[in-house]
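J.: The structure under discussion is supplied below as structure tokens; questions concerning it will follow.
The values are calculated or read from the model by the stated rules, or taken from the named source; none is laboratory data. On a predicted model such as this, the values are computed, not experimentally measured, just so you know. We place every Cβ from the backbone using ideal geometry, glycine too, and count neighbours over all the protein chains shown.
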């Protein structure tokens, strides 16, 4: 990507997004080869985009760790230990190496964030992400980029992958504004509550509302402005 920018993956209202697809399936073992739309992929195997799928698939060993947020339809994830039903606005994780069956209702669509390259031991299993999980205080943005009062921020890492550097959880914050600075990590954001405006130094602006999913590549010079309380799912690496 010659100029990093905020990439809109999916809107809550189902309206079309302008982010172009770079590729389809992520590997020869990708169970969603026909329905995957990859919008971001880097040399380290970190990817984000959307999947459209209906029907049922089985994987004896899921090929990568994948965080998903459902935008349309319903998914059922079945492993040896659990059976999860994931509806619109909800999120779950499939660990690399999981023996899993995935069933999707007609016209199901979800946004995804994937670590395709393992650097450690697999952490198989499926896990639901609780949007209202208990959060603990976390560090606010650096004072050097803040415009106005310091916010109160909280977070909870609900899933830390042992096969990659992927960390997934829930974060919230009181309103704040900060100037553009290079984004420190790759990050998928799905807004649970509130509204935020993300701006990059080439003039592009994305307003993110509840139910929207965006991806911010590492290094993107991104500014933040929220005038209300914000709560989001995140996946970072």
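J.: Return yes when residue 105 is surrounded by fewer than 20 Cβ atoms within 10 Å (Cβ to Cβ) and within 17 Å of residue 31 (Cα to Cα) and no when it is not.
T.: yes
J.: Can you confirm whether residue 119 is out of contact with any strand residue (DSSP E or B) (no Cβ under 9 Å at 6 or more places or on another chain), part of a loop (DSSP other than H, G, I, E, B) and closer than 18 Å to residue 236 by Cβ?
T.: yes
J.: Are there any pairs with C-beta distances below 7 angstrom linking a residue in the stretch 7-25 that is closer than 16 Å to residue 42 by Cβ to a residue that is modelled with pLDDT under 95 and part of a loop (DSSP other than H, G, I, E, B), with the two at least 6 apart or on different chains, and if so which?
T.: 7/19; 9/17; 9/19
J.: Please find, within the stretch 217-237, the residue that is farthest from the chain's Cα centre (by Cα) out of those that are in a strand (DSSP E or B) and closer than 21 Å to residue 13 by Cβ.
T.: 226
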